[in-house]
Structure formats: C-alpha cells, structure tokens
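Scroll down for the structure; my scribbles are underneath it.
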Amino acid sequence: MNIFFQDPWWLILIKVVAMFVILLVWTIFNVWYERRLVGKMQHRLGPIMNGPFGLGQALADGAKLLAKEDFRPKNADKWVFNLAPILTGVAAFTTWTVIPFGGEVEMFGVTTRLQVTDLPVSTLFILAIASIGIYGIVLAGWAGNSTYSFLGSIRSTAQMISYEIAMGLSMVAVFLMAGAMSTSQIVEAQRQTILFRVPFTDMTFDPGITGWYAILLFPSFVIYSISMVGETNRAPFDLPECESELVSGYLTEYSGFRYAMFFLAEYINMATVSAVCTTLFLGGYLPPWPLNLIPLFNNPWFGPVFFMIKVQLLISVFVWLRGTLPRFRYDQFMDLGWKRLIPISLVWILTIAIAPGYTIGLGLALFVALYLIQVWRADAVADEPEHPEAVEDQVYDPFAGGYPTPPRPGQLLPELAGVVSGRDETPMAEATAERKDF
C-alpha cells in the first residue's frame, strides 16, 4: 500500500491548503495572544489600538515586515543567506503533515483521516524534520559573516541538539506503551480507559478515565515538556538570543521578509511541539474526561476542537514561562539537559521495559526519589559556611583575570604572573597625573 498517498490527490491538496491557512491564521492569533496574556500578567494592557481588542496589531506587524527594506550584508554568502530562512520555514510547516487533527470522517464521499498523511514511523519523521530546521539556524549564523550571528547559531545548535536527545528519549517510553510509532495509532491507544483495582480484592471498576500517557508516563511527560521549551529557544531557555551577549543571535543580520520567515517559524514551532505533546501525551483529538462519557463529543468532527484547545493551553504555558521566569545561565541550562534529563530518561525507559504494568507507581516513586535527593543536596549546601574564612596572607584583587576590564597600567595579575601584565606607558601615566592635578 502506498503510505504517502492514501487519499485522492485532490483531497490531499485540500488538506494541505487547509493546513497552511490554519497555521498562518493561528500564528497571527498567537502573536496577539502572547502580547495580551503577558500584558495581563504584568498588569498592562497590551495591544488595544488597531482593530477590535488590538487584533489588527499582528497584521500590521506582518505587513511592516513584508514592506520593510530587505537588505543583505556586503560580505554575506548570497545563496546560503537566502536558503537558511527557507529551510527553517519549510521544516516548520512540514512537521504538521503527520499531526492528526481528528479521527476518521466522511469527506466528499471519501473516508479519510483529518491529517494530511500518516506513516508507520511518523514520530521519527517529526524528529528528522526538526533536525533539518537546525541546519537553517546554523547556515543563517554562518552566512551573515558576523561574529554575533555565528556565535548565536552555534549556541542555538548546541542547545537544540542537547534537548532533542532528551525529547527523543521521552518519546521512546510512548513507543513502548503504545506499541507503535504512528501518530494516529498512538492517539487511539490512549482511548483505552484506566481500570482501578479495589485493594485486597480482585474487583475492578472503570470510571471512564482515558489512559493519557501524561498520566501513565508522567516522568516522560515532564521531560518532554522541559525539552520542548529548550527546543524552541523560548524563555527561560532563549540563550541564543541574549540581548546582553549576542544581540539577536543568528537573526542579527536579517530583516524584512527573510526575518519574517524566521519569526513565523518560531511561532509555528511553538505550536508544533505543543501539538506533538498533545498527540503523544494528552490524547490528541480525544475528548477529555468526563466529556468522553457523552456520545455527542465522541463525534470525530469535534476532534479538531479538542485538539486545538489542548494545543492552545500548552502555548499558554509557553507565554506564562516567558512572563515569569528569568533567563538561565548557559552552564545551568546545559547541565539540566545532559546531567539530569538524559540520565533520568534512560533510567525511566529501562524501568518501563522491565515492569510495563506499573508505570504510575514507578513514576511516582522516581519523582519522590529525585525530590529527596534534591532536598538532601539543598541541606548539604545550606550546611556549608556562607562566608569561608579569609586567608590573611592572600591579597584580594577585584580585577584578577582581566575581566570585566583589562589589566591596569603596572598591574600584575596573580594567576597570570609572567604571562599578562599591564604596561606602565609614560603617555598614559602623564595623562593620569594631569587629570589628577585638574
């Protein structure tokens, strides 16, 4: 069977156009939605002037970017500079081809699913397309022939690769539980309800709660939730765009329509990782409990409504994080990915493989153990003296290491003795003396 063209070509074309329009309109709405929600959190109004409730502000911004002068730095690589935003934009749209908006429906006399296509390895396809998006960021920083852009792209690449590993490992637990890598099959696997056993008896009862993997695989859900924020370079993990260090990161040399492509891809990627999270952990297009007990809401045409509501709630979490948390330090950020998320994911996957029927209890036990370890470490740090005893023979030098200022004239840095020292130049010494006399 042809896995790419399971529907007539004209129906696939309708789905592609509909998906493209939905993503564009949704992105415009999310730009407005983020500004309004952050405004509420920070006790200000946000956009209110253009259009009803300020809805026209996002359209005005988009029109400004399209009409703005689109220039390229003199020494930039012409072809790569133009290719980078296209790669990032195409990757952002392509991922949605395997995201299911709903189940099987009857459309123009054809039974089809509310998704462009489905593959036996759809989740691996999502990870592969996300890797292509990284190429666009790397090429954008390199092609601009700017130190700030290049360093921003390298930092962004290291960040996305690091957290993509943790994200992929969190998906492995879903593969083991669902027994499939197809997105639609993973959603349908979460339709099964959770059976509760009466203690000390063989009796069970079914309250109708669907087995979302956010419940059954709670550690994987938490790891994915953290990883998706790092994957999208959003606050508090927006290290590639630190205004104090790298200006706008890999975007520094871009303007006009090419900048708009990156801006569009960022917001689509925010919706993409939220949609993947909804599909893998929150039941996708399935109605939540107790609405799943009402036959009316099990209609597949209600699927897109539930799906988009879940995705929008996750996008709200992105906005919430941006409006409340400060930016991480880069070493803290990388330690979180490599020293915590990845090892915990490996231990959790091994646990599921050994005892797949006890995921809820094992997940709670894992989190309790991690919490106790964190409390123990916090107590150990608290027991350390806040101010270590000063060594009398040691001379404190606030400019040791030459940072944030270079060595002063005549200053010898203790740790760089014989390597770097300030030169006592006569003109500078005379100028200093004159200033003091003045």
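The values are calculated or read from the model by the stated rules, or taken from the named source; none is laboratory data. What you see is a predicted model; the values in this text were computed from it and never measured. Methodologically, a virtual Cβ is constructed for each residue, glycine included, from the backbone with ideal geometry; neighbour enumeration extends over all protein chains shown. We work out accessible area using only protein heavy atoms, side chains counted, and drop any ligands, DNA or RNA first. Shrake-Rupley method; radii C 1.70, N 1.55, O 1.52, S 1.80 Å.
Looking only at residues in region 72-104 that are of a type in the set (D, E, K, R) and touching a helix residue (DSSP H, G or I) at 6+ places or on another chain (Cβ under 7 Å), the one that is farthest from S122 (Cα to Cα) is R72. Criterion applied to T97, T88 was being of a type outside the set (F, W, Y), within 30 Å of S182 (Cβ to Cβ) and over 19 Å from the mean Cα position of the chain (by Cα), and the one residue passing it is T97. Selection within region 236-260: residues that are under 16 Å from the mean Cα position of the chain (by Cα) and open to solvent by 20 Å² or more (accessible area, probe 1.4 Å). The member of this set that is modelled with the lowest pLDDT is E241. No other residue among V174, V229, V138 is of a type outside the set (G, A, S), open to solvent by 40 Å² or more (accessible area, probe 1.4 Å) and closer than 28 Å to D335 by Cα apart from V138. Is it the case that some residue within region 189-196 is under 20 Å from T272 (Cα atoms), modelled with pLDDT of 85 or more and surrounded by fewer than 18 Cβ atoms within 10 Å (Cβ to Cβ)? No, region 189-196 contains no residue that is under 20 Å from T272 (Cα atoms), modelled with pLDDT of 85 or more and surrounded by fewer than 18 Cβ atoms within 10 Å (Cβ to Cβ). Output yes when any residue across region 144-163 is within 27 Å of G103 (Cβ to Cβ), touching an Asp or Glu at 6+ places or on another chain (Cβ under 9 Å) and among the aromatic types (F, W, Y), and no when none is. Looking for residues that are within 27 Å of G103 (Cβ to Cβ), touching an Asp or Glu at 6+ places or on another chain (Cβ under 9 Å) and among the aromatic types (F, W, Y), one finds none in region 144-163, hence no.
Looking across region 46-85, the residues that are aliphatic (A, V, I, L, M), over 16 Å from V31 (Cβ atoms) and under 27 Å from the mean Cα position of the chain (by Cα) come down to V80, L83, A84. Of everything listed in (1) at pLDDT 85 or above; (2) not in a loop (DSSP other than H, G, I, E, B), the single unmet condition for P120 is (2).
Residues to consider are F297, F263, F302; find the one that is more than 29 Å from V187 (Cα to Cα) and surrounded by fewer than 22 Cβ atoms within 10 Å (Cβ to Cβ). Please lay out each step first, then the result.
Details: F297 fails: more than 29 Å from V187 (Cα to Cα); F302 fails: more than 29 Å from V187 (Cα to Cα).
Within the list F297, F263, F302, the selection yields F263.
Given the residues R258, R329, which is the only one that is basic (K, R) and in contact with a Pro (Cβ under 9 Å, 6 or more places away or on another chain)?
Just one listed residue meets the conditions, R258.
Inspect all residues belonging to region 115-125 and state whether any of them is of a type in the set (F, W, Y), open to solvent by 30 Å² or more (accessible area, probe 1.4 Å) and touching a residue at least 24 places away in the same chain (Cβ under 8 Å). Checking region 115-125: at least one residue is of a type in the set (F, W, Y), open to solvent by 30 Å² or more (accessible area, probe 1.4 Å) and touching a residue at least 24 places away in the same chain (Cβ under 8 Å). The one condition from (1) closer than 21 Å to G337 by Cα; (2) modelled with pLDDT under 85; (3) open to solvent by less than 10 Å² (accessible area, probe 1.4 Å) that Y224 does not meet is (2). Count of region 15-63 residues, restricted to those that are open to solvent by 70 Å² or more (accessible area, probe 1.4 Å), free of Cβ contacts under 8 Å to residues at least 12 places away in the same chain and farther than 29 Å from T324 by Cβ, is 2.
Criterion applied to A128, A158 was being in a helix (DSSP H, G or I), free of Cβ contacts under 8 Å to residues at least 12 places away in the same chain and within 23 Å of S227 (Cα to Cα), and the one residue passing it is A128.
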